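Contents: one structure, followed by commentary.
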Amino acid sequence: MVMQPVLEIFAADDFVLRPVGEHESFGYLVLNGKLTPAEVGTAVMRIADCNDSEPEEEHAPCPTEPLGIFLHGLLTMPDLFAAGGFRVTDTTGTVFVEPGCCNGLETWRDWLDVLDGTGCAHFGHDLSSAAEPVGDTVRLTHDVSGTDGSPVTELPADQVRRLVADAQQDLPDFLSLAGAWAEQHLPAHAAPVTAALARALDLASSP
């Protein structure tokens with residue numbers, strides 16, 4: 001069984017501000033410390049795009065140059081979002097947890113609540129994957145709102161704890177790559193972009 005942090009991405013055929021990789025829309029990019037520079041660029045630009053909106057209370061003038069405008073929401077929004085989550089698959093490729101619509105990577109700590117036995121976690125909708133504690137195990141359901149044939153499995157809680165720890169470590173590994181990428185490609189914005197990415201992945205307060 002494998003758990004990986006994944007970012008939902010769109011095709012970036014018309015994106016010209018910085019080099020990005022080629023991906024199909026509504027696919028997933030696994031975030032870890034092994035991404036190519038183009039894949040890192042794709043991830044950074046996608047997270048910026050997830051937050052491409054104006055803060056409710058504007059405290060600083062909006063930039064006028066294209067890149068500054070594109071990064072403005074990422075650098076000023078108080079609550080940041082990164083579409084995706086932790087995906088769980090087995091060795092045959094069967095998916096037991098897949099982030100649904102409106103789920104974000106910043107909610108990864110919900111897995112810790114499941115392991116603490118404080119309740120179940122739902123990972124978006126259309127489809128609606130869920131994880132819930134059942135005694136000493138964790139039940140994973142691919143789509144709780146789907147048909148009776150939706151994949152379901154139960155894993156020992158200790159195994160899930162190890163899976164979460166491995167997936168959790170992939171996030172700072174990615175952030176390290178993203179920081180280096182930003183220093184090279186976004187030198188005027190590198191520090192605030194890296195800090196914003198840490199907040200979008202809920203790493204700013206990680207132990």
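Brief remarks on what is shown
- Estimated D of the chain in µm² per second, where Rh is the Kirkwood radius over Cα pairs and Stokes-Einstein applies at 4 °C, 1.567 mPa s: 73 µm²/s
- Among THR194, SER129, CYS50 - extreme Cα towards positive end, dipole of the chain, charges at beta-carbon: THR194
- Charge dipole (debye, nearest 20) of the chain; +1 at Cβ of Lys and Arg, -1 at Cβ of Asp and Glu: 540 debye
- The spacing between region 68-125 and region 141-181, judged by their C-alpha centroids, is 9 Å.
- Placing +1 on each Lys and Arg Cβ and -1 on each Asp and Glu Cβ, with no other charges, gives region 49-166 a dipole about its Cα centre of roughly 460 debye.
- Residues whose placed amide H lies under 5 Å from that of GLY104, excluding near-sequence neighbours: GLY84
- Of the solvent-accessible surface of the chain, computed with a 1.4 Å probe and all protein chains present, 51% belongs to carbon and sulfur.
- The length gained on full extension between ASP158 and THR89, counted as 0.36 nm times the residue separation minus their Cα-Cα distance, comes to 23.1 nm.
- 10 Å Cβ shell holding at most 12 others, DSSP loop, GluC sites (Glu not before Pro): longest site-free stretch of the chain: 59-207
The values are calculated or read from the model by the stated rules, or taken from the named source; none is laboratory data. What you see is a predicted model, and the numbers here were worked out from it, not measured in a lab. FYI the Cβ positions are ideal-geometry reconstructions off the backbone, even for glycines, and counts take in every protein chain you see. Surface accessibility is based on the protein's heavy atoms, side chains included, excluding ligands, DNA and RNA. Shrake-Rupley method; radii C 1.70, N 1.55, O 1.52, S 1.80 Å.
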